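Below: one structure, written as structure tokens.
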Amino acid sequence: MRSSNPVFSRRGFSRDNGYAGFNTAPQAGGAAVGAQSNPYATGNPYAQPGAGADPYAQNPYAQNPYAQQGAPQAPVATGNRMTMDDVVMRSAMTLGTVVVGAVLAWALLPVSSTSYGLAIGAALIAFVLAMVQSFKRKASPALILSYAAFEGVFLGVISEMFNSRWSGAPFQAVLGTMAVSGATLLVYKAGWVRVTARYARIGMTIALAFILVMAVNLLLVVFGVAEDGGLRSMGPLGAIVGILAIVLGAFFLTLDFKQIEDGIAYGAPREESWLAAFGLTMTLVWIYIEMLRLVAIFSGDD
């Protein structure tokens, strides 16, 4: 799984396993009852080759668990297979690193041009580390935690800057991020949103178009063509763009939830839980930053 940040394209849990990709075509033997209702019924990519006539002879997960009786049936996680506890623990470690980095940056770096420069530098380093991990075949815990640390420094500095002008904005942004995440999880678990290949393609098209427009807007602002931030202004237009960005963040959360759910059901290797944590962290950072801007916009110039 690559990151859930819209800057990066999405795929299965790792480059070399073809896991539950949105563009993966159904494979023979992997789709039984319920294949029509589940676009991810493509056979277990973790199954060992040469299992013979009995798909369970060498690997108890050699069949798609979603292709049985038309309903998801997660296998019992044993040995080195990823579990929800693994995902929760790795996510807590990654997000905890972000929080520690943010708290330290807030406490040790007073608002100034120097701290702003350090924040930009930390953001660039975090971006590079995220890019490296996104193109790696396997998860690197050290790389992911380093990304989280630098991302935390960036968030700590900009949060302090926003708080100095709009008192309480970071706290409200945290509450907003938790509300969006909780609501998205509720909607996903209730089945009100079905993560299908078509859903993913449409969402990715919108996300990529959004990124392209924002990149063009940034260039226009840098070269003085667009004033006051252009589409990212602190006015009504900026609020609309911010709301759209948060909706896109919620969309990527649904993809994260689906990939985690399928990874556990397919018996993905335990190390893949680090990639799940990485994707969730990037998505939550995205939502928090957009929520922070939105809170500032609605707070006005007070």
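The values are calculated or read from the model by the stated rules, or taken from the named source; none is laboratory data. As the structure is a prediction and not an experimental result, all values here were calculated from the model. With ideal geometry, Cβ positions are generated from the backbone for all residues, glycine too; neighbour counts draw on all protein chains shown. Ligands, DNA and RNA are stripped out before the accessible areas are found, and what is left, the full protein with its side chains, is counted by its heavy atoms. Shrake-Rupley method; radii C 1.70, N 1.55, O 1.52, S 1.80 Å.
For Val193, all conditions in the list (1) under 24 Å from Met291 (Cα atoms); (2) in a helix (DSSP H, G or I); (3) in contact with a helix residue (DSSP H, G or I) (Cβ under 8 Å, 6 or more places away or on another chain); (4) not aromatic (Phe, Trp, Tyr) hold save one; what is the number of the exception?
Single failed check for Val193: (2).
Do we find a residue being out of contact with any Pro (no Cβ under 6 Å at 6 or more places or on another chain), part of a helix (DSSP H, G or I), hydroxyl-bearing (Ser, Thr, Tyr) and crowded, with 23+ Cβ neighbours inside 10 Å anywhere in the range 274-283? Give the derivation first.
Quick first cut of the range 274-283, residues out of contact with any Pro (no Cβ under 6 Å at 6 or more places or on another chain) only: 275-283.
Pick out the ones that are also part of a helix (DSSP H, G or I) and you get 275-283.
From what is left, the residues that are hydroxyl-bearing (Ser, Thr, Tyr) are 281, 283.
Cutting the leftovers down to crowded, with 23+ Cβ neighbours inside 10 Å gives us 281, 283.
Yes - at least one qualifying residue is present in the range 274-283.
Go through Gly191, Gly182, Gly152 for me and flag whichever is among the small types (Gly, Ala, Ser) and modelled with pLDDT under 95. Before the answer, list the steps.
Numbers: Gly182 fails: modelled with pLDDT under 95; Gly152 fails: modelled with pLDDT under 95.
Testing whether each residue is among the small types (Gly, Ala, Ser) and modelled with pLDDT under 95 leaves just Gly191.
Look at Ala265 and say whether it is within 30 Å of Lys138 (Cα to Cα), surrounded by 15 or more Cβ atoms within 10 Å (Cβ to Cβ), in contact (Cβ under 8 Å) with a residue 40 or more places away in the chain and touching a helix residue (DSSP H, G or I) at 6+ places or on another chain (Cβ under 9 Å).
Criteria met by Ala265.
So Val225 clears everything in (1) touching a residue at least 60 places away in the same chain (Cβ under 8 Å); (2) open to solvent by 50 Å² or more (accessible area, probe 1.4 Å); (3) assigned to a loop (DSSP other than H, G, I, E, B) except one condition, right? Which one?
Only one criterion in (1) touching a residue at least 60 places away in the same chain (Cβ under 8 Å); (2) open to solvent by 50 Å² or more (accessible area, probe 1.4 Å); (3) assigned to a loop (DSSP other than H, G, I, E, B) is unmet by Val225, namely (1).
Here's a check for you: in the range 246-278, which residue that is polar (S, T, N, Q) and within 19 Å of Ala197 (Cα to Cα) is modelled with the highest pLDDT?
Residues of the range 246-278 polar (S, T, N, Q): 254, 259, 273.
Filter once more, keeping what is within 19 Å of Ala197 (Cα to Cα): 254, 259.
On the way: Thr254: 96, Gln259: 92.
Restricting to residues being polar (S, T, N, Q) and within 19 Å of Ala197 (Cα to Cα), the top hit is Thr254.
Might you check whether a residue that is more than 16 Å from the chain's Cα centre (by Cα) and open to solvent by 50 Å² or more (accessible area, probe 1.4 Å) occurs anywhere in the range 143-153?
For the range 143-153, residues more than 16 Å from the chain's Cα centre (by Cα) and open to solvent by 50 Å² or more (accessible area, probe 1.4 Å): present.
State all residues of the range 113-142 that are within 16 Å of the chain's Cα centre (by Cα) and open to solvent by 80 Å² or more (accessible area, probe 1.4 Å); if no residue qualifies, say none.
Phe127, Phe135 - these are the residues of the range 113-142 that are within 16 Å of the chain's Cα centre (by Cα) and open to solvent by 80 Å² or more (accessible area, probe 1.4 Å).
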